[in-house]
């Protein structure tokens with residue numbers, strides 16, 4: 001059997017499964033990764049590709065496929081019902097723009113768009129809601145997830161970021 005290496009996944013695994021040490025838990029407010037990314041400059045380091053007024057677009061650091069984008073409100077909230085009309089409108093426009101960019105740049109043939117609200121729905125980051133936009137191609141994941149419990153990403157995250165960011169810069 002061959003081994004597929006995806007070393008960038010370890011950061012996600014380790015961050016998601018840190019055991020609590022009794023007696024050493026400090027009561028400090030955790031910094032939301034989306035808020036931290038939003039507050040910095042737009043760059044390959046934070047993977048932000050586009051900033052709007054009420055929302056922004058960032059590449060998923062742990063993508064399901066190349067070009068996996070997240071559309072996130074600037075405001076830190078987890079309750080979908082508390083989004084303002086302006087936030088809903090801009091997030092919708094950014095989903096449309098993201099679809100256009102991924103179609104042009106990566107020649108995506110289809111998309112999965114969705115939002116996981118709450119841990120039971122599969123949200124990895126529950127405290128700051130966000131849409132996922134996952135580009136798809138014919139045969140993109142084929143037999144690998146079924147037989148090898150693995151997926152193949154044909155391009156490095158930073159290379160995809162450069163292409164996608166360049167396209168967003170035109171808008």
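So for the stretch 40-171, Kirkwood radius off the Cα pairs, Stokes-Einstein at 37 °C and 0.692 mPa s: how many µm² s⁻¹?
For the chosen part, D equals 214 µm²/s.
May I ask you to give the average projected area over all directions of the convex hull of the Cα atoms of the stretch 28-81, in nm² rounded to one decimal?
Result: 4.7 nm².
To two decimal places, what compactness ratio does the stretch 49-108 give when its Cα radius of gyration is scaled by 2.2 N^0.38 Å?
Here the Cα radius of gyration is 1.16 times the empirical estimate.
Where a number appears in this text, it was derived from the coordinates with a stated rule and is not lab data. Computed from a predicted structure; not experimentally measured.
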